Amino acid sequence: MMFKIPFSQPLIDEDVVAEVLDSLLNTGWLTSGPKVQALEAEVREYTGAQAVVCVNSWTSGAMLALKWFGVGPGDEVIIPACTYAATALCALNIGASVVMVDVLDDFTLNPEQLERAITSRTKAIIPVDLGGWPADYDRISDILGDESVISRFTPATAAQEKLGRPLLLADAAHSIGARYKGRRSGTCADITVLSFHSVKNITTGEGGAVCLQLPPVFEPQEEYRFMKLYSLNGQSKSTYEKNMPGDWRYDIVEQGLKINMPDLSAAVGLAQLRKYDRQLLPERYELFRLYQECLGVDQRMILPQLYNEAGTVSSGHLFLLRIDGLTEPDRDTIIADMARGGIGLNVHYIPLPMMTLFRQLGFSMDDYPNALRLYMNEITLPLYNGLAPDSVRVVCDKLLQYTS
């Protein structure tokens with residue numbers, strides 16, 4: 001179906017075309033090369049992270065971070081029940097077990113439940129900045145730094161020995177540009193993984209970035225070099241480096257992955273990131289505020305927040321609308337009706353315990369009542385650069401007809 005107002009649409013403008021053409025015509029390079037190096041540098045400068053490794057997806061970036069830390073069979077990784085499946089799959093795919101906890105009313109991981117879920121097998125915590133709203137990283141960090149948690153932690157690798165507690169690994173797939181108490185997304189956890197998937201605020205088509213913000217006991221550049229070679233089959237030099245005159249010899253030093261980002265992808269992200277704070281993010285915020293203004297006339301509309309007084313600011317990735325008193329069947333009817341009228345809506349997310357895979361793994365939705373309550377009346381509205389303000393008003397007018 002062709003939507004008059006699609007739910008999401010990537011921004012492909014003249015700047016993107018020019019950057020991609022530069023990669024095609026002027027660099028002589030398609031796979032990981034100068035554009036990837038430039039994107040890593042610009043993401044590092046933008047976020048303030050110690051080092052940045054670009055990869056081919058959020059999932060592979062999270063797997064890279066977990067494998068760097070030595071997470072594997074017998075270990076547990078704690079995640080919220082309300083997230084996309086990749087948050088769980090990055091742990092499951094390397095043999096670890098997943099432990100789920102419920103969420104708060106802002107869709108982020110519940111710290112109190114996290115505290116109760118930590119065991120001696122816990123090796124990592126993955127909070128999710130759902131919709132672009134950061135999780136409560138200070139509270140989570142306080143829990144991980146508590147003596148009762150540290151005393152139960154059983155390190156099995158050099159990295160685990162250095163950190164001395166479970167890894168705080170932020171799922172910031174939605175939150176590039178967000179701030180938590182004034183700190184940029186990318187610097188609020190030990191490691192943060194961004195997503196540059198086609199529907200994200202910044203896109204490379206497919207892709208992601210691993211941002212390091214490790215304690216002083218680590219040497220960030222050393223860990224960066226390890227992750228770079230691990231992301232390219234454990235190869236001691238990138239293909240780009242091997243093509244330097246007289247520098248062809250290389251070694252395989254780790255049983256690595258093949259998850260590097262190509263230059264063609266990085267070129268798209270570079271063009272967007274360079275004008276993100278100046279143009280793209282303010283445009284998203286204007287659309288977000290317009291939704292708040294138009295829908296705020298109806299008290300049944302439970303609106304997402306853009307910022308709070310503590311200095312936390314959303315990236316405005318998703319507009320997660322909830323409608324008080326709406327049943328799940330009614331919600332689904334609204335989405336279907338709007339689709340027939342040419343308007344694309346979505347839901348973020350079906351809680352993981354409702355999915356076949358996770359039910360088969362023994363998870364029950366009965367254990368996550370708040371995630372279920374939020375899911376049943378949630379509708380995600382179109383929000384992307386290039387969406388016309390008049391289209392926002394059309395979406396709001398149509399929605400308000402259902403609650404009048």
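The values are calculated or read from the model by the stated rules, or taken from the named source; none is laboratory data. Treat the numbers as computed from the prediction; the structure is a model and nothing was measured. FYI the Cβ positions are ideal-geometry reconstructions off the backbone, even for glycines, and counts take in every protein chain you see.
A few points about this structure:
- Scanning region 341-358 for residues that are closer than 17 Å to Y84 by Cβ and not in a loop (DSSP other than H, G, I, E, B) yields N346, L352, P353, M354, T356, L357, F358.
- Within region 284-299, residues that are farther than 21 Å from L326 by Cβ and touching a residue at least 12 places away in the same chain (Cβ under 8 Å) reach partners that are among the aliphatic types (A, V, I, L, M) and in a helix (DSSP H, G or I) with beta carbons closer than 9 Å, at six or more positions or on different chains, in the pairs L287/V392; L290/V392.
- Count - residues of region 329-385 that are of a type outside the set (F, W, Y), over 28 Å from E286 (Cα atoms) and surrounded by 15 or more Cβ atoms within 10 Å (Cβ to Cβ): 10
- Close pairs (6 angstrom Cβ cut-off, 6 or more residues apart or separate chains): at positive phi in region 307-322, surrounded by fewer than 20 Cβ atoms within 10 Å (Cβ to Cβ) and in a loop (DSSP other than H, G, I, E, B) anywhere: G311/K181; G311/G182
- Segments classed as helices (runs of 4 or more DSSP H), wholly inside region 161-275, with at least 1 members that are out of contact with any Phe, Trp or Tyr (no Cβ under 9 Å at 6 or more places or on another chain), aromatic (F, W, Y) and in the same structural domain as S32 (by TED's automatic domain parsing): 220-230
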